[in-house]
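Asker: Okay, handing you the structure first.
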Amino acid sequence: MRILFLGDLVGRSGREAAIAALPALRRTLALDLVLVNAENASHGFGLAPDMAAALFAAGADVLTLGNHSWDRKEIIPYIAQTPRLIRPLNYPPGTPGAGVAEVTLADGRRAVVMNLMGRLFMELLDCPFRAAAEALGRQALGAGAQAIVIDFHAEATSEKMAFAHSFDGKVSLVVGTHTHCPTADAQILPGGTGYQSDLGMCGDYDSVIGMKKEAAVARFWRKVPGEKLQPAEGEATLCGLFVETDDKTGLTRKIAPFRQGGRLQPVMPEG
Ligand SMILES: [Fe+2]
Ligand SMILES: [Fe+2]
């Protein structure tokens, strides 16, 4: 299965670049499954239902969220009726929406996508390790599901690596999101699971993690409340990861970073 996962879309710059690029990327990379972290799509904070609909229309199969899941309150009724928009699975029981999405491709192959959130320097949710282990107990990689992909939304690289090693060989791919900066460690772990600590954001990199740099810099120099943070509006670099998985085993056999547009050095996986 050929999969592209785009990191956190930040504001209009990231959102519109992704919507514009996805139809052509689906064709040129012959993608079977497109996944997007959309927690910052709405002006840097949250996701509005019309934006989710535009991303689905452009070719996203599943949208994931994170600590900004609920910043736009309109998403609460929308997520309840949109199974392909998921939020971290380890929110407390009773939280709206689901943390797992199941996608059946046109040719019958089945993919499972999960979203979990780390706990180091983040809100204290339920244990993501135990939540993932429990949810994976209901899935059989290679037999019931040709691919299982996890978006582990977390701050600390140590927690992300520990999480990925915990499920090496049991899932196709673990990607980190949330730090808005791509890491150079894309690899296939010894058990066959693809992994990258952070996909990086889809947004303007002349910024502080996607926010206009002046106000964001001032926060570090002066410890008084300042200007509100606003998303930077320059051209976005789309950042993500391409993988090809083996349908029989569900494991990753090819992995390559993807970067396009804006300020970062472009990287295009071979078609
Ligand atoms: Fe984010
Ligand atoms: Fe986040």
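The values are calculated or read from the model by the stated rules, or taken from the named source; none is laboratory data. Here the structure is a predicted model, which is why all the values come from computation and not from measurement. Cβ placement follows ideal geometry from the backbone for every residue including glycine, while neighbour counts extend to all protein chains displayed. Heavy atoms of the whole protein, side chains included, go into the accessibility calculation; ligands, DNA and RNA do not. Shrake-Rupley method; radii C 1.70, N 1.55, O 1.52, S 1.80 Å.
Asker: Any idea which of Arg27, Arg15 is within 16 Å of ligand 2 (Cβ to nearest atom), open to solvent by 10 Å² or more (accessible area, probe 1.4 Å) and modelled with pLDDT of 95 or more?
Answerer: Arg15
Asker: Return the residues of region 209-227 that are within 27 Å of the chain's Cα centre (by Cα), free of Cβ contacts under 8 Å to residues at least 24 places away in the same chain and assigned to a loop (DSSP other than H, G, I, E, B); say none if nothing qualifies.
Answerer: Lys212
Asker: Let me ask something additional. Restricting to region 11-39, name every residue that is aliphatic (A, V, I, L, M) and either out of contact with any strand residue (DSSP E or B) (no Cβ under 8 Å at 6 or more places or on another chain) or within 16 Å of ligand 1 (Cβ to nearest atom) (or both).
Answerer: Correct list: Ala17, Ala18, Ile19, Ala20, Ala24, Leu35, Val36, Ala38.
Asker: Return only the number of the condition from (1) open to solvent by less than 10 Å² (accessible area, probe 1.4 Å); (2) within 16 Å of ligand 2 (Cβ to nearest atom); (3) under 29 Å from Leu251 (Cα atoms) that Thr157 does not satisfy.
Answerer: Of everything listed in (1) open to solvent by less than 10 Å² (accessible area, probe 1.4 Å); (2) within 16 Å of ligand 2 (Cβ to nearest atom); (3) under 29 Å from Leu251 (Cα atoms), Thr157 misses just condition (1).
Asker: Take the residues of region 160-198 that are among the aromatic types (Phe, Trp, Tyr) and open to solvent by less than 10 Å² (accessible area, probe 1.4 Å): which is nearest to Ala131 (Cα to Cα)?
Answerer: So the residue we want is Phe163.
Asker: I've got another one for you. If you take the residues of region 111-140 that are over 23 Å from Val36 (Cα atoms) and of a type in the set (Asp, Glu), which of them is surrounded by the most Cβ atoms within 10 Å (Cβ to Cβ)?
Answerer: Asp126
Asker: Which residues, counting only those in region 231-271, are among the polar types (S, T, N, Q) and either free of Cβ contacts under 8 Å to residues at least 60 places away in the same chain or open to solvent by less than 60 Å² (accessible area, probe 1.4 Å) (or both)?
Answerer: Thr237, Thr245, Thr252, Gln265
Asker: A further question on this structure: Report the residue count in region 55-86 for those that are in contact with a helix residue (DSSP H, G or I) (Cβ under 6 Å, 6 or more places away or on another chain), under 25 Å from Thr104 (Cβ atoms) and either open to solvent by 50 Å² or more (accessible area, probe 1.4 Å) or of a type in the set (Val, Ile, Thr) (or both).
Answerer: The number of residues fulfilling the criteria is 0.
Asker: Would you point out the residue of region 199-209, among those that are open to solvent by 40 Å² or more (accessible area, probe 1.4 Å) and out of contact with any Ser or Thr (no Cβ under 8 Å at 6 or more places or on another chain), that is nearest to Val113 (Cα to Cα)?
Answerer: Top of the filtered list is Val208.
Asker: Where the second residue is away from ligand 2 (no atom under 16 Å from the Cβ) and small (Gly, Ala, Ser) and the first is without any contact (Cβ under 8 Å) to a residue 40 or more places away in the chain and lies in region 163-184, which pairs have Cβ atoms under 6 Å and are six or more apart or on separate chains?
Answerer: Final answer for the pair search is Asp168/Gly191; Val174/Ala164.
Asker: Which residue is surrounded by the most Cβ atoms within 10 Å (Cβ to Cβ), if the candidates are limited to region 39-50 and must be without any contact (Cβ under 8 Å) to a residue 40 or more places away in the chain and within 15 Å of ligand 2 (Cβ to nearest atom)?
Answerer: If we take residues in region 39-50 being without any contact (Cβ under 8 Å) to a residue 40 or more places away in the chain and within 15 Å of ligand 2 (Cβ to nearest atom), then Ala41 is surrounded by the most Cβ atoms within 10 Å (Cβ to Cβ).
Asker: Right, another one. Could you identify the single residue in Met122, Met114 that is within 18 Å of Gly176 (Cα to Cα), part of a loop (DSSP other than H, G, I, E, B) and not charged (D, E, K, R)?
Answerer: Met122
Asker: What's the number of the only condition in (1) out of contact with any Leu (no Cβ under 7 Å at 6 or more places or on another chain); (2) modelled with pLDDT of 95 or more that Gly250 fails to meet?
Answerer: (1)
Asker: Output the qualifying pairs, or none if there are none: Cβ atoms under 6 angstrom, residues six or more apart or on different chains, first residue in region 142-153 and within 18 Å of Ile86 (Cα to Cα), second residue open to solvent by 20 Å² or more (accessible area, probe 1.4 Å) and within 16 Å of ligand 1 (Cβ to nearest atom).
Answerer: His153/His178
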